[in-house]
2 protein chains.
Amino acid sequence: MSHLGYGCLMTVDRDQVLRTAAALLTRKPTATMDEVARASGIGRATLHRHFAGRDALVKALEELGIREFEAALDAARTDEGPASDALRRLVAEVEPAAGLLAFLVTENQLFEGEVNEGWDRLDARVSALFRRGQEGGEFRIDLPPAWLTEAFYGLVGTAAWAVQDGRVAAKDFQYMIAELLLGGARRSVE
Amino acid sequence: MSHLGYGCLMTVDRDQVLRTAAALLTRKPTATMDEVARASGIGRATLHRHFAGRDALVKALEELGIREFEAALDAARTDEGPASDALRRLVAEVEPAAGLLAFLVTENQLFEGEVNEGWDRLDARVSALFRRGQEGGEFRIDLPPAWLTEAFYGLVGTAAWAVQDGRVAAKDFQYMIAELLLGGARRSVE
DNA sequence: CCCAAATGAGACACTGACGTCTCACTCCTT
DNA sequence: AAGGAGTGAGACGTCAGTGTCTCATTTGGG
């Protein structure tokens, strides 16, 4: 474990720290580096050995979020079967990362310029799903895919917060998002 | 203008400053007190004469937002006519305050405890609208009013940001929110 | 016209968080 | 057992933002 810059246990721990940091910053976006370190059960110095600074930590978090969301998109097989079902699968797959996504979205909101190019790729994939649904006659065409994509992010984040604060039940997460996004609040005439 | 604590011009300017601060903080939530002052064309000292500190400013902003949202609820006459139409009216009335609302929602998100009691009142009114729609058979009953309320806030904020960043057209603001919230993305079988 | 109030600019101290560094201490390997 | 790598605790210096203060200047009313 001394022959490499990234030793065997190091990366594991790094990832562990990253997940803990994600969980904490999701709940308290203004958490201190010290709080992040304590939350992971390590010292502030060690945290700095893993991540050069707060910016580096956030950037690493961003890459983790992008990776997880991309994995969710893969696992959901968004280009197979009916778009509605694909969207439902996507919501289900994205649930574990919802809090992190919510954090990153608001974080991006206040970062001026130079956004990670990974987001564009993800936006494109989500957008493509909605477009596919539209072209297949499954989704309505009077709402632009860009808006549906934004709304997807927004609802996922909103639901994550609402669950966090206990305003809605965690078990309804997937159902509430998918149903509202797909069918809306109005009772459909069946 | 010397016989009162709140002189004639003072309150006007205070409100003016508040609106400017709202507009700025909506775009840049981390803006400095100095930036807020400059944006209003006043000195930092004068800003401190109006608002004791940053906390006081945010609190005043919160009260402004609550006031405006309450006014929107009043103007939308949410307890009259079909719930769908009432919701559409509400979205229309809330549009000018959408950015401020988005700012306050995320601000509240990171504030632990002691939320302004005004929010409960607003939540109750929005929630009541959805419940009315459900009881009237107009809205589906499998989505809890609390979730619909959260989703409403979420979509308004998301749309405000998306418009801000030019990802969607500003003129579609009302339509996109109301249509998605009411009808969802799926093409309804008419 | 004059005076009082309000303002803007700047100086100042204080705070909180950050980033760097050192120094014991604890494992783990050999 | 001995050596080294990694760690935790803590002590700095730095910096940005805040809140307070003073003082010269402007503004508006009497």
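Observations
- Inter-probe distance in nm under a simple model that places probes 7 Å from Cα toward Cβ, at A:Q164 and A:E63: 2.4
- 7 Å along Cα→Cβ, label-point gaps from B:E107 to other copies, nm, shortest first: 2.3
- With respect to chain B, whose longest principal axis is taken over its alpha-carbon atoms, helix B:54-76 is tilted by about 40°.
- For chain A, modelled as a GNM whose springs connect Cα atoms under 10 angstrom apart, the maximal fluctuation among A:E117, A:E179, A:E107 occurs at A:E117.
- Taking each residue as 0.36 nm, the span from A:E112 to A:T30 lengthens on full extension beyond its C-alpha to C-alpha distance by 27.7 nm.
- When the helices of chain B are scored as -39500 (n - 2.57) per DSSP H run of n ≥ 4 and the total is divided over every residue, the value at 222 nm lands at -22500 deg cm²/dmol.
- Of all chain A residues, the closest to the A-onto-B rotation axis by Cβ, with that distance in whole Å, is A:G184, 2.
- Taking a ≥ b ≥ c as the square roots of the eigenvalues of the Cα gyration tensor, an a/c ratio of 1.5 or more together with a/b no larger than b/c marks the protein assembly as shown as oblate.
- The stretch B:7-97 - percent relative contact order, Cα under 8 Å, separation 6 or more: 19
- Other protein chain Cβ atoms within 10 Å, averaged over every residue that makes up B:172-182: 4
- Accessible surface of the protein assembly as shown [probe 1.4 Å, protein heavy atoms]: carbon and sulfur percent: 52
- Cα-centre dipole for the protein assembly as shown with unit charges at Cβ (Lys and Arg positive, Asp and Glu negative), debye to 20: 480
- Distance from the stretch A:34-67 to the stretch B:33-62 (C-alpha centre basis), Å: 33
- In the protein assembly as shown, a dipole from Cβ-located charges (positive for Lys and Arg, negative for Asp and Glu) runs towards its positive end, and of B:L47, B:L181, A:P29 it is B:L47 whose Cα lies farthest in that direction.
- With the label put 7 angstrom out from Cα along the Cα-to-Cβ vector, B:K171 ends up 4.8 nm from the copy partners, going from closest to farthest.
- Across the stretch A:57-138, the volume of the C-alpha convex hull divided among the residues equals 89 Å³ per residue.
- Heavy-atom surface of the stretch A:58-183, accessible at 1.4 Å and reported per residue (Å²): 40
- Coupling constants for the stretch A:151-161 follow from the phi torsions by the Karplus curve (6.51 cos²θ - 1.76 cosθ + 1.60, θ = phi - 60°), and in residue order they are 4, 4, 4, x, 5, 4, x, 4, 5, 4, 5 Hz; glycine and proline get x.
- Normalised contact order of chain A, rounded percent, pairs of Cα under 8 Å and 6 or more residues apart: 19
- Most to least accessible of A:E114, A:E80, A:E62 (protein chains only, probe 1.4 Å): A:E114, A:E80, A:E62
- Max mean-square fluctuation residue, GNM over chain B, Cα-Cα springs under 10 Å, options B:F103, B:F69, B:F173: B:F173
- Put a plus charge on the Cβ of each Lys and Arg, a minus charge on the Cβ of each Asp and Glu, and nothing anywhere else: the dipole of chain B about its Cα centre is then about 560 debye.
- Largest first, the three principal axis extents of the alpha carbons in chain B are 64, 37, 31 Å in whole numbers.
- For B:P29, inter-copy separations between label points set 7 Å beyond Cα along the Cβ vector come to 0.2 nm, shortest first.
- Close amide H partners of B:F139, meaning residues 5 or more places away or on another chain with modelled amide H under 5 Å apart, are A:R187, B:Q134.
- Sites A:A75 and A:R187, calculated FRET efficiency, Cβ-Cβ separation with R0 41 Å, nearest 0.05: 0.80
- The angle between the Cα long axis of helix B:117-135 and the longest principal axis of the Cα atoms of chain B comes to about 20 degrees, rounded to the nearest 10.
- When each of A:K28/B:K28; B:K28/B:K171; A:K59/A:K171; A:K59/B:K171 is checked by Cα-Cα distance, pairs over 27 Å: A:K59/A:K171; A:K59/B:K171
- For the chain pair A and B, the buried solvent-accessible surface (1.4 Å probe, both sides summed) amounts to about 4200 Å².
- Label positions at B:R54 and A:A124, each projected 7 Å from the Cα along the C-beta direction, are separated by 3.8 nm.
- Positive-end extreme of charge dipole, the protein assembly as shown - chosen from B:V115, A:L155, B:T149 (charges on Cβ): B:V115
The values are calculated or read from the model by the stated rules, or taken from the named source; none is laboratory data. Predicted model only: the values in this text are computed from it and were never measured. Methodologically, a virtual Cβ is constructed for each residue, glycine included, from the backbone with ideal geometry; neighbour enumeration extends over all protein chains shown. In case anyone asks, the SASA skips ligands and DNA or RNA and just uses the protein heavy atoms, side chains included. Shrake-Rupley method; radii C 1.70, N 1.55, O 1.52, S 1.80 Å.
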